[in-house]
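J.: To start, I am sharing the structure in question, which I have written as structure tokens.
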Amino acid sequence: MKTQSHPLKGIRLGISASETVTEHGQGLTPRELNRAIRQVAQAVLAQGGRLVFGHDWRSHGVMEEILDFAIAYRPFAPDSGDEEPLVTNYLAWPDVTTVSEVDRAQYEKVLRIVEPGKEHQQHFGPPRSVPAQKAARAAALTLMRRDMTQVCEARLCFGGKSSGSSGRYAGVAEEAAIALDSGCPLYVTSLFGGASAEIVQAIRTRETGEVAAFRPADEVGQALAEYDPLPQKAVDPSIFTSIGIEGLSRRNGLSVVENERLFDARHPAEMIGLLLAGLARLQKSRT
């Protein structure tokens, strides 16, 4: 294949997406959200990009379909120079992967699993109480999300629970905030509602107010107030209000009008089209 057939070669896209616990943005179901994750992944892989996910994956689900596609696509994928897998999956302390040895062998050419190492474990140690366990888990999720962001050239956010997270605040929202704080281009849509829709609202209105997605669950907040094992705290959610849509556009390769269209996308195909356009422009500006 010619180089121009891989416009996203070298791009690692972090995908932050999960079901919402409230109504979905445009009446879309969890099944449709999983289909959208699969469609985004296949579109990015087919153009030479790579994918980064957080948390463990389960067999017989959308991740297995993505990996099967990656195996089929791999012979045509652009050479990264170091045989980098097409998909990287990060886990947070104290998690260990549930992927079986059989599955790891099957997907070894396309999947890299990054489990928490000693440098993570040393921050937490053996939990001494339930609040300490909750605080340590929240801190571990922050650490994992920062590690993920370091290897990503861009991040896409859609859906996501607005409340009930075991992290410093909603997982999709924290990953988006860390991306912005790190200078990583961010793409976000309210298509599936949830935390991503609240991010869109904060960027548009430049107000966070009492948004659920930007606050920890009560018990997590109380635990962190008593015991926080990391010196580096959460990114302040005001980063969404300070960047605004103009700042977002300066980073992600989309115009203000295109970001507005992405915010209000009515169908996954529209979201994917705008994402690919922005990523291609980012890649072109890097070469």
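The values are calculated or read from the model by the stated rules, or taken from the named source; none is laboratory data. Quick caveat: nothing in here was measured; it's all calculated off a predicted structure. Here the Cβ positions follow ideal geometry from the backbone for every residue, glycine too, while neighbour counts run over all protein chains shown. Heavy atoms of the whole protein, side chains included, go into the accessibility calculation; ligands, DNA and RNA do not. Shrake-Rupley method; radii C 1.70, N 1.55, O 1.52, S 1.80 Å.
J.: Could you pull out the residue among Val200, Val220, Val257 that is part of a helix (DSSP H, G or I) and free of Cβ contacts under 8 Å to residues at least 24 places away in the same chain? Break it down into steps so the answer makes sense when it comes.
T.: On the way: Val200 fails: free of Cβ contacts under 8 Å to residues at least 24 places away in the same chain; Val220 fails: free of Cβ contacts under 8 Å to residues at least 24 places away in the same chain.
Exactly one residue qualifies, and that residue is Val257.
J.: Does region 263-276 hold any residues that are more than 16 Å from Arg50 (Cα to Cα) and either modelled with pLDDT of 95 or more or open to solvent by less than 30 Å² (accessible area, probe 1.4 Å) (or both), and which are they? Talk me through it step by step, then tell me what you get.
T.: First, pick out the residues of region 263-276 that are more than 16 Å from Arg50 (Cα to Cα): 263-271, 273-274.
Hits for region 263-276 are Phe263, Asp264, Ala265, Pro268, Ala269, Glu270, Met271, Gly273, Leu274.
J.: Could you please tell me which pairs satisfy a Cβ distance under 6 Å, a separation of 6+ or placement on different chains, a first residue in region 129-154 that is aliphatic (A, V, I, L, M), and a second residue that is modelled with pLDDT of 90 or more and open to solvent by 40 Å² or more (accessible area, probe 1.4 Å)?
T.: Here the result reads Val151/Arg12, each pair linking region 129-154 to a residue that is modelled with pLDDT of 90 or more and open to solvent by 40 Å² or more (accessible area, probe 1.4 Å).
J.: Inspect region 128-137 for any residue being hydroxyl-bearing (Ser, Thr, Tyr) and surrounded by 23 or more Cβ atoms within 10 Å (Cβ to Cβ) and give the result as yes or no. Spell out the reasoning first.
T.: Restricting attention to region 128-137, the residues satisfying the condition of being hydroxyl-bearing (Ser, Thr, Tyr) are 129.
If we keep only those that are surrounded by 23 or more Cβ atoms within 10 Å (Cβ to Cβ) too, we end up with none.
So far as region 128-137 goes, no, none of its residues is hydroxyl-bearing (Ser, Thr, Tyr) and surrounded by 23 or more Cβ atoms within 10 Å (Cβ to Cβ).
J.: Assuming Thr20 fulfils every condition listed in (1) crowded, with 19+ Cβ neighbours inside 10 Å; (2) over 27 Å from Gln283 (Cβ atoms); (3) modelled with pLDDT of 80 or more apart from one, which condition is it?
T.: (3)
J.: Which of the residues that make up region 203-217 are crowded, with 17+ Cβ neighbours inside 10 Å, modelled with pLDDT under 85 and part of a loop (DSSP other than H, G, I, E, B)? Write out each step before concluding.
T.: Filtering region 203-217 down to residues crowded, with 17+ Cβ neighbours inside 10 Å leaves 203, 208, 211-217.
Now narrow it down to the ones that are modelled with pLDDT under 85: 208, 211-212.
Within region 203-217, Thr208, Val211 qualify.
J.: Go through region 84-182 and tell me which helices (runs of 4 or more DSSP H), entirely inside it, have 3 or more residues that are among the aliphatic types (A, V, I, L, M) and under 14 Å from the mean Cα position of the chain (by Cα).
T.: Values: elements: 101-106, 118-124, 130-150, 171-181.
Those helices (runs of 4 or more DSSP H) span 130-150, 171-181.
J.: Looking at region 224-243 only, could you name the residues that are over 26 Å from Glu207 (Cβ atoms) and open to solvent by less than 90 Å² (accessible area, probe 1.4 Å)?
T.: Selection gives Tyr227, Asp228, Pro229, Leu230.
J.: Mind listing whichever residues of region 173-183 are open to solvent by 10 Å² or more (accessible area, probe 1.4 Å) and touching a residue at least 60 places away in the same chain (Cβ under 8 Å)?
T.: Once the filter is applied, which keeps residues that are open to solvent by 10 Å² or more (accessible area, probe 1.4 Å) and touching a residue at least 60 places away in the same chain (Cβ under 8 Å), region 173-183 yields Glu175, Gly183.
J.: Which count do you get for residues in region 213-250 that are over 21 Å from Gly183 (Cβ atoms) and under 19 Å from the mean Cα position of the chain (by Cα)?
T.: Residues meeting the conditions: 3.
J.: It is to be established whether one or more residues within region 236-246 are under 14 Å from Arg168 (Cα atoms) and assigned to a loop (DSSP other than H, G, I, E, B). Please lay out each step first, then the result.
T.: Going residue by residue through region 236-246, those that are under 14 Å from Arg168 (Cα atoms) are 236-237.
Right, trim to assigned to a loop (DSSP other than H, G, I, E, B) and you get 236-237.
Checked region 236-246: at least one residue is under 14 Å from Arg168 (Cα atoms) and assigned to a loop (DSSP other than H, G, I, E, B).
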